[in-house]
Amino acid sequence: MDGTAEGNGDVGAGGAIYDYGDIYDLIYKGGGKDYGFEASTVAHHIRKRNPGADSVLDVGCGTGGHLGYLANEFSHVEGIDYTEGMLAECRKNLPEIPVHMADMRDFRLERRFDAVVSLFNVVGNVADRDELDATLASFTRHLVAGGVIVVEPWWFEENFTPDHIGSSLTTVGDTTVARVSHSVREGRTTRMDVHCVIGEPGKGVRHFSYEHVMALFRQEDYEAAFTRAGCSVEYIEGAYPGPGLFVGVRRGRGGRVMGSDALRTHGSSTGRR
Ligand SMILES: C[S@@+](CC[C@H](N)C(=O)[O-])C[C@H]1O[C@@H](n2cnc3c(N)ncnc32)[C@H](O)[C@@H]1O
């Protein structure tokens, strides 16, 4: 992706695509999004900062595109998502991985993790900076001291390309999906109008459209949210195609960034594929 809105999944007011996890997979997995490479890149950044990391929570896990690969790297993985259509597809794809319906802005699971990741622009689905703060605070609450956060943000005010037309045409098996989107900037949000045409034997051709509004922050807004949540933060550009990655480490007492081995609260458990 190159500063455009294309490549994003879509929730916003309509949220249509997230009601159809199978169509979402067709568009993105079927379209060649390299979940395996992305997950191994994320695992590398986690291990670099916390070599003993063993457990990972994927926030906004969707249909589990990264979760399946992360489960090959870490002993215990779990996911949360806010849309039943995506979770249903995730459970179908990865029945052995626990996933929960939860809102990233305020969730409470019963355990903490060595890493919390949130990939493919999930965190752009907030209304404003207060919600971004609440989201990062929720992530940090679920980390052991020295635990790592990896966030793939939405595009920044600095690099978003307005008036962009995105398009993809994907065929998997005998089903074809055409997706065309138009993105504009509206104040401190982006609005994307998306149209999907699906052709499938036995069902014919159907069409749906929806609007997806996401928050547009500056790089420094994300960094400030990490800092306020009690984490260090660095921005890594070009880790893989997309808007880059923020990687933070939860500080221990006294503001020191600590290795998680000293303070780990959970050992390994199930989840490896
Ligand atoms: C673009 S998709 C990314 C899904 C997955 N991470 C991937 O890479 O395929 C965005 C996901 O964020 C989820 N989402 C949106 N708002 C959320 C919220 N407030 N809490 C948790 N998940 C949310 C959506 O349901 C959707 O599954």
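The values are calculated or read from the model by the stated rules, or taken from the named source; none is laboratory data. If you're wondering where the values come from, they're calculated on a predicted model, not measured in any experiment. Don't worry about glycine lacking a Cβ; one is built from the backbone with ideal geometry, like all the others, and counts go over all protein chains shown.
Which residues, counting only those in the range 52-83, are free of Cβ contacts under 8 Å to residues at least 24 places away in the same chain and more than 8 Å from the ligand (Cβ to nearest atom)?
Of everything in the range 52-83, just one residue is free of Cβ contacts under 8 Å to residues at least 24 places away in the same chain and more than 8 Å from the ligand (Cβ to nearest atom), namely 79.
Among the residues of the range 105-153, which ones are under 15 Å from residue 221 (Cα atoms) and more than 9 Å from the ligand (Cβ to nearest atom)?
The answer is 127, 128, 129, 130, 132, 133, 134, 136, 137, 151, 153.
Determine whether the range 98-111 contains at least one residue that is surrounded by 15 or more Cβ atoms within 10 Å (Cβ to Cβ), at positive phi and not assigned by TED's automatic domain parsing to the domain that holds residue 24.
No, the conditions are met nowhere in the range 98-111.
Do the conditions hold for residue 78, that is, is it part of a strand (DSSP E or B), of a type in the set (Asp, Glu) and more than 12 Å from the chain's Cα centre (by Cα)?
Yes; evaluated as a whole, the condition is true for this residue.
So which residues in the range 18-50 are part of a loop (DSSP other than H, G, I, E, B) and in contact with a helix residue (DSSP H, G or I) (Cβ under 8 Å, 6 or more places away or on another chain), if there are any at all?
20, 29, 50
Considering only residues of the range 187-214 that are within 19 Å of the chain's Cα centre (by Cα) and hydroxyl-bearing (Ser, Thr, Tyr), which is nearest to residue 173 (Cα to Cα)?
For the range 187-214, the residue satisfying everything is 190.
Could you list, in sequence order, all residues of the range 66-98 that are out of contact with any Phe, Trp or Tyr (no Cβ under 8 Å at 6 or more places or on another chain) and closer than 22 Å to residue 132 by Cα?
79, 81, 82
Looking at 167, 183, can you tell me which residue is in contact with a His (Cβ under 6 Å, 6 or more places away or on another chain), among the hydroxyl-bearing types (Ser, Thr, Tyr) and part of a strand (DSSP E or B)?
183
Quick check, is residue 124 surrounded by 17 or more Cβ atoms within 10 Å (Cβ to Cβ) and either at pLDDT 95 or above or touching a helix residue (DSSP H, G or I) at 6+ places or on another chain (Cβ under 8 Å) (or both)?
Numbers: surrounded by 17 or more Cβ atoms within 10 Å (Cβ to Cβ): yes; either at pLDDT 95 or above or touching a helix residue (DSSP H, G or I) at 6+ places or on another chain (Cβ under 8 Å) (or both): yes.
Yes, satisfied.
Having 1 or more residues that are at pLDDT below 95 and farther than 23 Å from residue 159 by Cα is the bar; report the strands (runs of 3 or more DSSP E) wholly within the range 201-270 that clear it.
Those strands (runs of 3 or more DSSP E) span 204-215.
Go through the range 99-156 and tell me which strands (runs of 3 or more DSSP E), entirely inside it, have 1 or more residues that are of a type in the set (A, V, I, L, M) and under 17 Å from residue 246 (Cα atoms). Before the answer, list the steps.
Details: elements: 99-101, 113-118, 143-151.
The strands (runs of 3 or more DSSP E) meeting that bar are 113-118, 143-151.
Look at the range 91-110 and say how many of its residues are among the basic types (Lys, Arg) and touching a Lys or Arg at 6+ places or on another chain (Cβ under 8 Å).
Going through the range 91-110 one residue at a time, the tally reaches 1.
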